[in-house]
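**Student:** I am attaching a structure below and will ask some questions about it afterwards.
The values are calculated or read from the model by the stated rules, or taken from the named source; none is laboratory data. Since we're looking at a predicted model, the values are computed, not measured. Cβ placement follows ideal geometry from the backbone for every residue including glycine, while neighbour counts extend to all protein chains displayed. Heads up: the accessible areas ignore ligands, DNA and RNA and are worked out on the full protein's heavy atoms, side chains in. Shrake-Rupley method; radii C 1.70, N 1.55, O 1.52, S 1.80 Å.
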Amino acid sequence: MILIDGKKIAAELREELKKEVSNLKAKYNKVPGLTVILIGDLTPSQIYVRNKEKSANEVGLKSDVVKYPDSVEEKVILDKIQELNNDETVSGILVQLPLPKHIDKKKVIETIVPSKDVDGFHPMNVGNLSSGYESSVPCTPLGCYLLIKKIEPNLSGKKAVLIGRSNLNGKPMAQLLLKENCTVTITHSKTKDLKAECLEADIIVAAVGIPELVKGDWVKKDTIVIDVGINKTDKGIVGDVAFEEVSTNAKALTPVPGGVGPMTIACLLKNTIDCFKRLADK
Ligand code: GUN
């Protein structure tokens, strides 16, 4: 079984990005900038944002975090986004989710100009991705996709089973794999026989937030298993895949932590650089 070392693969990607930033600096005399908006004091969000900032600095990006209290009015956020949309030093804007209840997520996402939408959540980017045009691609599925490609460069004709249909992962993941000529099944909580679906799969991507849902006897030999789950349990953080059981069966498997997580952040940096390049080429 191949243990997919997301930490190492993400570090390699950051190395490449660092060189790219240095080349861009030489060419344009400026570096890509990422601004993250963080609302409230949710600990997981604070940890993510700190990691994003640290990684952005490491590859040489200009990185800013703008913090607001939970009680901030929606208009303040929308105005800030408009200001960042018009700021030439900002290549990418990310508003950390989840948001407080009184702030309309859809409105926030749609206020970010699509060319700076490093999350790929704006309907324009979602539409472009599903039409097969150039777009920002959500960081988590992009990270999963790059890990899968490391193990299996030619995905044509492979059967992929995605567990979870979220806008954050399942749906964009399906688009990326369709583009690679996979046959894609998106499963969810109402799927009749999830085990039977998984037993058909050459690739499984689990992103539902159910601890150790995918069991050893759900996975056939030669399957690549990507675990997006991060679940707090009595025995610590576990994924959506029963790691020990599945590792005796699968061809390749990501650990939790140290699998998809580091790739997500590296892909955010990649998206920021790509936004910069698209704007610079205009
Ligand atoms: N919160 C958890 N994951 C994400 C993500 O990928 N993007 C944003 N904006 N917020 C998140």
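**Student:** Could you report segment 1-132's accessible area per residue, 1.4 Å probe, as an integer in Å²? Kindly include the intermediate steps, with their values, before the conclusion.
**Tutor:** On the way: 7190 Å² over 132 residues.
With all protein chains present, segment 1-132 gives 54 Å² per residue.
**Student:** Evaluate E = 1/(1 + (r/R0)^6) for K8 and R278, where r is the Cβ-Cβ distance and R0 equals 35 Å; express this FRET efficiency to the nearest 0.05.
**Tutor:** Numbers: r = 29 Å, r/R0 = 0.82.
The pair K8/R278 has a calculated efficiency of 0.75.
**Student:** So, one more: What is the calculated FRET efficiency for L199 to K105, with r their C-beta to C-beta distance and R₀ = 45 Å, to the nearest 0.05? Don't skip to the end; give the middle numbers.
**Tutor:** On the way: r = 36 Å, r/R0 = 0.80.
Efficiency, from the Cβ-Cβ distance: 0.80.
**Student:** From the phi angles alone, apply the Karplus equation (6.51, -1.76, 1.60; θ = phi - 60°) to segment 126-134 and give each ³J(HN,Hα) in whole Hz, x where the residue is Gly or Pro.
**Tutor:** Going residue by residue, I get 4, x, 4, 4, 6, 8, x, 8, 4 Hz, with x marking Gly and Pro.
**Student:** When the Cα centres of segment 115-129 and segment 8-47 are compared, how far apart do they sit, in Å?
**Tutor:** About 18 Å separates the Cα centre of segment 115-129 from the one of segment 8-47.
**Student:** At a 1.4 Å probe radius, carbon and sulfur cover how many percent of the accessible area of the chain?
**Tutor:** Numbers: 7130 of 13800 Å².
Of all accessible area on the chain, carbon and sulfur atoms account for 52 percent.
**Student:** Checking the a/c ratio against 1.5 first, then a/b against b/c, what shape does the Cα gyration tensor give for segment 1-140? Write down the numbers at each step before the final one.
**Tutor:** Values: a/c = 1.44, a/b = 1.36, b/c = 1.06.
Since a/c stays below 1.5, the shape of segment 1-140 is classed as rounded.
**Student:** Which whole-number percent is the relative contact order of segment 215-282 (Cα, under 8 Å, 6+ apart)? Intermediate values should be presented prior to the final figure.
**Tutor:** Numbers: 79 pairs, mean separation 22.4, N = 68.
Relative contact order of segment 215-282: 33 percent.
**Student:** Moving to a separate point now. Filter the chymotrypsin sites (Phe, Trp or Tyr not before Pro) in segment 46-151 to those in DSSP coil with at most 14 other Cβ atoms within 10 Å of their Cβ, and list the result.
**Tutor:** Numbers: sites: Y48, F121, Y133, Y145; in loops: F121, Y133.
Here the sparse-neighbourhood loop sites are Y133.
**Student:** A follow-up question, please. Do any cysteines in the chain lack another Cys Cβ under 4.7 Å, and if so which?
**Tutor:** Cys with no partner Cβ under 4.7 Å: C144, C182, C198, C275.
**Student:** Would you mind checking which residues have amide H under 5 Å from G40's amide H? H placed 1.01 Å from N; only 5 or more apart, or other chain.
**Tutor:** Those qualifying (amide H under 5 Å, at least 5 residues apart or on another chain) are Y68, D70.
**Student:** Over segment 115-170, calculate the relative contact order: mean separation of alpha carbon pairs under 8 Å at least 6 apart, over the residue count, as a percent.
**Tutor:** Numbers: 39 pairs, mean separation 17.6, N = 56.
So the answer I get is 32 percent.
**Student:** Next question, about the same structure. Would you mind checking which residues have amide H under 5 Å from I2's amide H? H placed 1.01 Å from N; only 5 or more apart, or other chain.
**Tutor:** Amide H neighbours of I2: A252, L253.
**Student:** Please report the relative contact order for the chain, taking Cα pairs under 8 Å with a sequence separation of at least 6, and give it as a percent rounded to a whole number. If you can, show how the numbers build up before the last one.
**Tutor:** Working: 545 pairs, mean separation 60.8, N = 282.
Dividing the mean separation by the residue count of the chain yields 22 percent.
**Student:** So what J values fall out for segment 47-55 if you push phi through Karplus, 6.51 cos²θ - 1.76 cosθ + 1.60 with θ = phi - 60°, rounded to Hz, Gly and Pro as x?
**Tutor:** Calculated HN-Hα couplings, in order: 5, 4, 5, 4, 5, 4, 5, 4, 5 Hz.
**Student:** Grab the DSSP H runs of the chain that are 4 residues or longer, score each as -39,500 (n - 2.57), total them, divide by all residues and round the 222 nm result to the nearest 500 deg cm²/dmol.
**Tutor:** Values: 10 runs with 123 residues, N = 282.
Value at 222 nm, helices only, nearest 500: -13500 deg cm²/dmol.
**Student:** Under a straight-distance cross-link criterion of Cα-Cα below 15 Å, which aspartates and glutamates are reachable from K195, leaving out those fewer than 8 residues away in the same chain?
**Tutor:** E212, D217, D240, E245
**Student:** Going out from 0 in 5 Å bins, what whole percent of all Cα-Cα distances in the chain drops into each bin?
**Tutor:** For the chain, the pair-distance distribution reads 1, 6, 12, 16, 18, 16, 13, 9, 5, 2, 0, 0.
**Student:** Sticking with this structure for a sec: Using the Karplus curve 6.51 cos²θ - 1.76 cosθ + 1.60 with θ = phi - 60°, work out ³J(HN,Hα) for each residue of segment 258-265 in order, rounded to whole Hz, and write x for Gly and Pro.
**Tutor:** Karplus values, whole Hz, x for Gly and Pro: x, x, 6, x, x, 5, 4, 5.
**Student:** Related question: Given all pairs of different Cα atoms, what value in angstroms does the Kirkwood hydrodynamic radius of segment 137-282 take?
**Tutor:** Taking the inverse mean of 1/r over all distinct Cα pairs, segment 137-282 comes out at 15.4 Å.
**Student:** Measuring from label point to label point, each 7 Å out along Cα→Cβ, what is the K235 to D70 span in nm?
**Tutor:** Taking the two extended label points, one gets 3.3 nm.
**Student:** Run the paramagnetic zone check for D41: 7 angstrom along Cα to Cβ, then residues of segment 71-97 with backbone nitrogen under 19 Å.
**Tutor:** 71-73, 96-97, by backbone N distance to the label point.
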